[in-house]
1. Compute, for segment 18-123, the length of the dipole vector about the Cα centre, with Cβ point charges of +1 (Lys, Arg) and -1 (Asp, Glu) only. Units Debye, rounded to 20.
2. Residue separation times 0.36 nm, minus the C-alpha to C-alpha distance between Tyr110 and Ala40: what's the value?
3. 5 Å is the cut-off here: which amide hydrogens, built 1.01 Å from N in the peptide plane, fall below it relative to Val85, excluding neighbours closer than 5 in sequence?
4. Using the Karplus equation 6.51 cos²θ - 1.76 cosθ + 1.60 (θ = phi - 60°), what ³J(HN,Hα) coupling, rounded to whole Hz, does each residue of segment 105-121 give in order, writing x for Gly and Pro?
5. Stretched out fully, how many nm does the piece from Arg71 to Tyr90 gain, at 0.36 nm a residue minus the Cα gap?
6. Given axes a ≥ b ≥ c from the Cα gyration tensor, I'd like to know whether segment 18-123 is rounded (a/c under 1.5), prolate (a/b larger than b/c) or oblate.
Amino acid sequence: MRASLSAAVLLGLAATGGAFAQEDSHARFHSYYQDWVNFAGDACCNSSDCRELAPEHERTDANGDLEVYVRGVGVAFGTAAWCKVLPRHYLRRGNAPNWASSHVCISTWYGGNTPCEQLICYQPKPGG
């Protein structure tokens, strides 16, 4: 029983790409995220919106544009999409709490109805 439970947990982590570890990073790094503002002048943090981004959730598309994989929240819960990182998503103010990964903020604060409309802020990993 114990071995099968351990195998199920490992299989679940593999299937999610380690997303569980990414999801709880907001609580650890809230003191950093709370001061973030993007280039559109929007606050990024609503006490649970920001987190580390798993490496497999970043890619460059065929045109050379950076995309991040966003799982929708609120009205977009249950949907996900690869979303282009736009200049307005980058931070105007604030800094990453660690440089081991990129960070994103996803929120319904500004009325986004799709995962890509809910992408508010992006902070790249240095050299990424």
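1. Once rounded to the nearest 20, the dipole reads 200 debye.
2. That pair, Tyr110 and Ala40, stretches by 24.0 nm at full extension.
3. Amide H to amide H, under 5 Å and 5 or more residues apart or across chains, Val85 pairs with Leu66, Glu67, Val68.
4. Per-residue couplings from phi come out as 10, 10, 7, 9, 3, 9, x, x, 9, 10, x, 5, 5, 8, 6, 9, 9 Hz.
5. This chain segment gains 5.0 nm when fully extended.
6. rounded
Each reported figure results from applying straightforward, stated rules to the coordinates on display, with no laboratory input. Note that the coordinates shown come from a computational prediction; the quantities given were computed from them, not determined experimentally. Positions of Cβ are generated from backbone atoms using ideal geometry, with glycine treated the same way; all protein chains shown enter the neighbour counts.
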